[in-house]
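Asker: Before we start, here is the structure in question, set down as structure tokens.
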Amino acid sequence: MTEQSGVAVLGATGSIGSSALDVLRLHRDRYKVVGLTGWKRMAALKPLMREFVPAQIAAEPESVSVIDTNFLEGCEGGCYLGGEEGLVAVATHPDVDTVIAGVSGAAGLQSTLAAVEAGKRVLIANKEPLVMCGQLVRNAASVSGACLMPIDSEHNAIFQCLPLNLQQDVTSGRGIGSRSAGAGVSRITLTASGGPFLRTSAAAISDATPAQALAHPTWNMGPKISVDSATLMNKGLELIEACSLFGLDESQIDIIIHPQSVLHSMVGFNDGSLIGQMGNPDMRIPISYGLSYPERTTSGIERLNLAEIGVLEFEQPDLERFPSLVLAREAAKTGRSVPIALNAANEIAVEAFLDRRISFCEIPQVVDWILQKHEPSEVSDLEHVVDTDLEVRAMASEMIQRGLSS
Ligand code: NAD
Ligand code: MG
């Protein structure tokens, strides 16, 4: 029997977490789940602890304190850790070889960075840390020898289409920027499903309810990314994620709407070739690829049936109905601390929309207002990133409380 590799799943109770655990269940001989983290949903974490018996779990301290005293029984010989320190401890446990970063939003920043600093293989679904400070993540990988593996489906598709030497530049944190021209890579194209409002009029979009925004036509995801997919901010964040991860300029990255969501992104080469990766829209494919790279193993997902799909459509995004794309491209262009501000304002606005404190069309308005107020600064270290994030969150929350028109 081959030696089992230790895995920590951060955000195990979420959509990425459960897809990851599905793949790990298929390959119990290869992987041992050493750490799991959830947050508030103890009812979802408890059966996972019983099933996988991890050495460590982390969750929100307040949620743990209110549950029955038998809670830790499922974690035989294991240890519970609370808060941010808990997430970092699970991500850096010595028996962990691979970390699946599946926390939602900026809450995953410190644990993702800690996993990279500890030299782990880090499967990054949690795009927000890359949006906020991708350069710091890449620098940390260059120092520690960590392996960065994008599993956001578009970035994983790009990775799969790159020649081996450029794949190594991505995993090592060097980025492909300096060597892309030599390898003939001229541009990359990110595909976007267009979300639930692709064919909805501007007037109807402005009054969209949370239930409508959460009803994604092709992907089944957590609430925050589902709303981001409806505003197309998800694609904007992914544009910045691609610049950060691959070390490319925003002008080298195109975005195209592809409603069937089966072509997950493409690399354009200077001889006119366009190489893309296709598959059913299911995160178990990129997760399985990231776990087994450079080998490939089964993911539990059927190969795509193209005859059944019949037609693949492509069109330009409508920047008037989806202004978040324009805001994100501006943030990518200006760089420095602006992506941190964009991300923080967006997280606060999405939360307010889901709580019905603002309307759907006010989400980009909050982000726009913040970008107009924000003074860009150099992103020097983690402390600066965290301070900027907190400062912008406070400004955005205050603005929402005051009312957008005042
Ligand atoms: P989700 O809401 O389903 O799950 C989020 C997980 O993070 C849960 O386990 C939750 O307990 C945990 N969490 C939430 N707040 C936390 C906090 N403050 N501290 C610690 N843990 C916390 O989200 P998801 O859809 O699985 O997305 C996770 C990440 O992966 C996001 O960054 C998203 O953009 C990215 N992503 C998701 C998908 C997808 O298909 N779901 C695809 C690509 C990328
Ligand atoms: Mg994606």
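Asker: Can you tell me which residue is surrounded by the fewest Cβ atoms within 10 Å (Cβ to Cβ) among those in segment 206-232 that are modelled with pLDDT of 95 or more, on the phi < 0 side of the Ramachandran plot and of a type in the set (A, V, I, L, M)?
Answerer: Residue satisfying both the conditions and the ranking: 211.
Asker: Grab the helices (runs of 4 or more DSSP H) fully contained in segment 303-361, keeping just those with 1 or more residues being surrounded by 12 or more Cβ atoms within 10 Å (Cβ to Cβ) and either among the aromatic types (Phe, Trp, Tyr) or at pLDDT below 95 (or both). Outline the logic, then answer.
Answerer: On the way: elements: 306-309, 324-334, 338-354.
Hits in segment 303-361: 338-354.
Asker: For segment 114-131, give me each residue that is assigned to a helix (DSSP H, G or I), of a type outside the set (D, E, K, R) and buried (at least 24 other Cβ atoms within 10 Å of the Cβ). It would help to see each step written out before you state the result.
Answerer: So in segment 114-131, the residues assigned to a helix (DSSP H, G or I) come out as 114-117, 128-131.
From what's left, of a type outside the set (D, E, K, R): 114-116, 129-131.
Of everything in segment 114-131, those that are assigned to a helix (DSSP H, G or I), of a type outside the set (D, E, K, R) and buried (at least 24 other Cβ atoms within 10 Å of the Cβ) turn out to be 115, 116, 129, 130, 131.
Asker: For segment 201-216, check the following and say yes or no: at least one residue is assigned by TED's automatic domain parsing to the domain that holds residue 265 and either of a type in the set (Val, Ile, Thr) or touching a His at 6+ places or on another chain (Cβ under 7 Å) (or both). Quick ask: steps written out before the conclusion?
Answerer: Step one: list which residues in segment 201-216 are assigned by TED's automatic domain parsing to the domain that holds residue 265, which gives 201-216.
This time we only want the ones that are either of a type in the set (Val, Ile, Thr) or touching a His at 6+ places or on another chain (Cβ under 7 Å) (or both), so: 205, 209.
Taking every residue of segment 201-216 in turn, at least one turns out to be assigned by TED's automatic domain parsing to the domain that holds residue 265 and either of a type in the set (Val, Ile, Thr) or touching a His at 6+ places or on another chain (Cβ under 7 Å) (or both).
Asker: Out of all the residues in segment 115-151, which are of a type in the set (S, T, N, Q) and within 14 Å of ligand 1 (Cβ to nearest atom)? Give the steps one after another, and end with the answer.
Answerer: Taking segment 115-151 first, the residues of a type in the set (S, T, N, Q) are 126, 135, 139, 142, 144.
Once the filter is applied, which keeps residues that are of a type in the set (S, T, N, Q) and within 14 Å of ligand 1 (Cβ to nearest atom), segment 115-151 yields only 126.
Asker: Here's another thing I want to ask about it. Tell me which of these residue 163 doesn't satisfy, since it passes every other one: (1) closer than 25 Å to residue 181 by Cβ; (2) within 16 Å of ligand 2 (Cβ to nearest atom).
Answerer: Residue 163 satisfies all of (1) closer than 25 Å to residue 181 by Cβ; (2) within 16 Å of ligand 2 (Cβ to nearest atom) except (2).
Asker: Can you tell me how many residues within segment 79-99 are within 20 Å of residue 50 (Cβ to Cβ), in contact with a Ser or Thr (Cβ under 8 Å, 6 or more places away or on another chain) and not small (Gly, Ala, Ser)?
Answerer: 1
Asker: Can I ask one more? Is segment 115-124 home to any residue that is assigned by TED's automatic domain parsing to the domain that holds residue 83, within 16 Å of ligand 2 (Cβ to nearest atom) and aliphatic (A, V, I, L, M)?
Answerer: From segment 115-124, those assigned by TED's automatic domain parsing to the domain that holds residue 83 are 115-124; that's our starting set.
This time we only want the ones that are within 16 Å of ligand 2 (Cβ to nearest atom), so: 123-124.
Imposing the further condition that a residue be aliphatic (A, V, I, L, M) reduces the set to 123-124.
Yes, that holds for at least one residue.
Asker: Kindly indicate whether residue 201 is surrounded by fewer than 16 Cβ atoms within 10 Å (Cβ to Cβ), more than 20 Å from the chain's Cα centre (by Cα) and more than 23 Å from residue 385 (Cα to Cα). Give the steps one after another, and end with the answer.
Answerer: Working: surrounded by fewer than 16 Cβ atoms within 10 Å (Cβ to Cβ): yes; more than 20 Å from the chain's Cα centre (by Cα): yes; more than 23 Å from residue 385 (Cα to Cα): yes.
Yes, satisfied.
Asker: Ok, one more. Condition check: modelled with pLDDT under 95, crowded, with 21+ Cβ neighbours inside 10 Å and touching a helix residue (DSSP H, G or I) at 6+ places or on another chain (Cβ under 8 Å). Does residue 186 satisfy that? If you could, list the steps in order and put the result at the bottom.
Answerer: On the way: modelled with pLDDT under 95: yes; crowded, with 21+ Cβ neighbours inside 10 Å: no; touching a helix residue (DSSP H, G or I) at 6+ places or on another chain (Cβ under 8 Å): yes.
No; evaluated as a whole, the condition is false for this residue.
Asker: Next question. What are the residues in segment 125-141 that are under 19 Å from residue 390 (Cα atoms) and either touching a residue at least 60 places away in the same chain (Cβ under 8 Å) or not assigned by TED's automatic domain parsing to the domain that holds residue 89 (or both), if any?
Answerer: First pass over segment 125-141, keeping only residues under 19 Å from residue 390 (Cα atoms): 126-134, 136.
Those that are under 19 Å from residue 390 (Cα atoms) and either touching a residue at least 60 places away in the same chain (Cβ under 8 Å) or not assigned by TED's automatic domain parsing to the domain that holds residue 89 (or both): 126, 127, 128, 130, 131, 132, 133, 134, 136.
Asker: Moving to a separate point now. Looking at residue 333 and the list (1) without any contact (Cβ under 8 Å) to a residue 40 or more places away in the chain; (2) more than 20 Å from the chain's Cα centre (by Cα), which single condition is not satisfied?
Answerer: (1)
The values are calculated or read from the model by the stated rules, or taken from the named source; none is laboratory data. Since the model is a prediction, treat every value here as computed from it, not as a measurement. Note that each Cβ is placed from the backbone with ideal geometry, even for glycine, and that neighbours are counted across all protein chains shown.
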